[in-house]
Amino acid sequence: MSDFWNDEPSIEAKLQQVSSLILTSIEQSNPFIRELLIDRVTRGGKMIRPALVIIGSKLGETEREEEAIRLASMLEMIHLASLIHDDIIDGSRTRRGIPTLNSIVGPKQAVLAGDYLLSKALSLIKGEEGDLKASVVTNAFSRLCESELTQDAEVGNFLISSSSYLRRIGGKTAALFALSAYSGAAITLGEKYQQYLLHRIGYCLGIAFQIKDDILDYTGDAVKLGKEIGKDVHMGIPTYPLIAALKVESNNNFENRPLFELVKHKKTLSKKASKKVVALAVSLGGVEKSEEFAQKYINRAFIDIEKINNKEVQSLLVSLFTKLSSRTI
Ligand code: FPP
Ligand code: MG
């Protein structure tokens, strides 16, 4: 597990239990894949989704600890499975500082290992988790897959609108964040309005998180991040720094638009051309615009956090938002 939760020992202790349950769930897996899956779990990321379940579960009258750990593990396993599949789609060689499954065992075994993790994740749901609605769970999973499908179908189209981008990241990241925060409150029977607020807060956090992730692909440090950077443009995926920079460029001088010239009609860009695109987007202020855009969602979430009727949950959410706002990994 990363040291992201060092300063919140109560959350960190629960996340240790989440990691243990995930490890138990996969211990029967095919020996061929077991150690590699264990590596992914123990290498651990920031575990934001399970942490959101645990934070949300403090809203209800009873903590329902066992259910919270089970749900949190399920959501982290879905996330891990989606990353394994994402690395196959992107052909990525490293994630979290270790080689991707795809690069070790090839796409066939990696797809199956992701599917296995997915099936083990679903086996953690019993169908009797407080107010948790199956439709909210399945809707988030469908959105996750649909967004990846749209993103892939549109690879090479750099001229997408901000609203298409928002819909895309809403599905691929925010939907699972929203589901996580809502799940905690739903299993512990928090008030319906509070459950709804947590869903919205999770959604805004997910949007801000993904915008930040997309900024890091332009400005981040590959070693610190543990994955390759500068891949989005090279792979034909437009994200907010580019969308914003294109807008600035066309507002500045519609006749002379070198960034637009580089990306219009381009299905794929060479490494050299993508580097040029990244440099131009940065110099046009695409990163600052993206920071401002992410901040809008953080501010929106803070308005909702004020309406949460539990001081501990409020403070945990504020500290999570604050930590994520300044993240470099
Ligand atoms: C990482 O984002 C990828 C995701 C958040 C979602 C991937 C989802 C799928 C592949 C759909 C399959 C879903 C399941 C449940 C198996 P990114 O590519 O922007 O970030 P990165 O730079 O970390 O790769
Ligand atoms: Mg990816």
Discussion item. Testing the spin-label approximation: label points 7 Å from Cα along Cα→Cβ at residue 254 and residue 155. State their distance in nm.
Written reply: 3.4
Discussion item. If the only charges are +1 at each Lys and Arg Cβ and -1 at each Asp and Glu Cβ, what is the size of the charge dipole of the stretch 95-189 around the Cα centre, to the nearest 20 debye?
Written reply: 220
Fill in: Rg/Rh ratio calculated on Cα atoms of the stretch 98-159 (Kirkwood radius)
1.10
Worksheet, complete the sentence: If unit charges are put on Cβ atoms (+1 for Lys and Arg, -1 for Asp and Glu) and the dipole of the stretch 202-329 is taken about its Cα centre, the option from 319, 243, 204 lying farthest towards the positive end turns out to be 243
Worksheet, complete the sentence: Out of 45, 132, 57 - ranked by how far each Cα lies towards the positive end of the dipole of the chain, with unit charges on the beta-carbon of charged residues - the top one is 45
Worksheet item: For the pair residue 6 and residue 222, what calculated FRET efficiency results from E = 1/(1 + (r/R0)^6), where r is the Cβ-Cβ distance and R0 = 25 Å, to the nearest 0.05?
Response: 0.55
Fill in: Relative contact order computed over the chain (Cα-Cα under 8 Å; 6+ residues apart), in percent
19
Worksheet, complete the sentence: Taking Cα atoms only, Rg over Rh for the chain with Rh from the Kirkwood formula is 0.97
Item to complete: Show that you can apply the helix-only estimate: for the chain, add -39,500 (n - 2.57) for every DSSP H stretch of four or more residues, divide by all residues, and state [θ] at 222 nm to the nearest 500.
Response: -23000 deg cm²/dmol
Fill in: residue 196-residue 273 pseudo-label distance in nm [points 7 Å out on the Cα-to-Cβ vector]
4.9
Worksheet item: Which whole-number percentage describes the relative contact order of the stretch 173-307, with Cα contacts under 8 Å and a sequence gap of 6 or more?
Response: 31
Worksheet item: Relative contact order for the stretch 162-201 using alpha-carbon pairs under 8 Å, separation at least 6, rounded to a whole percent?
Response: 38
Worksheet item: Tell me, in nm to one decimal, what length is gained between residue 123 and residue 306 on full extension, where the rule is 0.36 nm per residue of separation less the Cα-Cα distance?
Response: 62.3 nm
Item to complete: Report the trypsin sites (Lys or Arg not before Pro) located in the stretch 27-114 that are in a DSSP loop and have at most 14 other Cβ atoms inside 10 Å of their Cβ, or state none.
Response: 93
Practice prompt. Order the peptides 109-117, 137-145 from the highest to the lowest mean number of other Cβ atoms within 10 Å of their residues.
Written response: 109-117, 137-145
Worksheet item: Rolling a 1.4 angstrom probe over the protein heavy atoms, how many square angstrom per residue are accessible across the stretch 239-300?
Response: 59
Worksheet item: On average over all directions, what projected area in square nanometres does the stretch 1-93 have, based on the convex hull of its Cα atoms?
Response: 6.5
Discussion item. Only sites in a loop by DSSP and with at most 15 other Cβ atoms within 10 Å count here; which trypsin sites (Lys or Arg not before Pro) in the stretch 239-289 make the cut?
Written reply: 264, 267
Practice prompt. Would you work out what percent of the accessible area of the stretch 107-178, with all protein chains in place, is carbon or sulfur (probe 1.4 Å)?
Written response: 58
Worksheet item: In debye, nearest 20: dipole of the chain around its Cα centre with unit charges on the Cβ of K, R (+) and D, E (-)?
Response: 920
Worksheet item: Once the dipole of the stretch 83-176 is set up with Lys and Arg at +1 and Asp and Glu at -1 on Cβ about the Cα centre, which of 173, 147, 97 lies farthest towards its positive end?
Response: 97
Worksheet item: Going by the alpha-carbon gyration tensor, a ≥ b ≥ c the square roots of its eigenvalues, is the stretch 55-210 rounded (a/c under 1.5) or, if a/c is not under 1.5, prolate (a/b greater than b/c) versus oblate?
Response: oblate
Item to complete: Run the dipole for the stretch 49-129 about the Cα centre, Lys and Arg Cβ at +1, Asp and Glu Cβ at -1, nothing else charged, and hand back the magnitude in debye, nearest 20.
Response: 400
Discussion item. If I compute solvent accessible area with a 1.4 Å probe over the protein chains, what percent of it on the stretch 1-87 is carbon and sulfur?
Written reply: 47
Worksheet item: Between residue 261 and residue 283, what is the FRET efficiency for a Förster distance of 22 Å, r being their Cβ-Cβ separation, to the nearest 0.05?
Response: 0.90
Fill in: Where a label projected 7 Å from the Cα of residue 115 along Cα→Cβ would reach, residues of the stretch 70-91 with amide N under 14 Å
85
Response to the item:
For residue 28 and residue 189, extending 7 Å from Cα along the Cα-Cβ vector and measuring point to point gives, in nm, a value of 3.2
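The values are calculated or read from the model by the stated rules, or taken from the named source; none is laboratory data. No experiment lies behind these values; they were computed from the predicted model shown. Positions of Cβ are generated from backbone atoms using ideal geometry, with glycine treated the same way; all protein chains shown enter the neighbour counts. Surface accessibility is based on the protein's heavy atoms, side chains included, excluding ligands, DNA and RNA. Shrake-Rupley method; radii C 1.70, N 1.55, O 1.52, S 1.80 Å.
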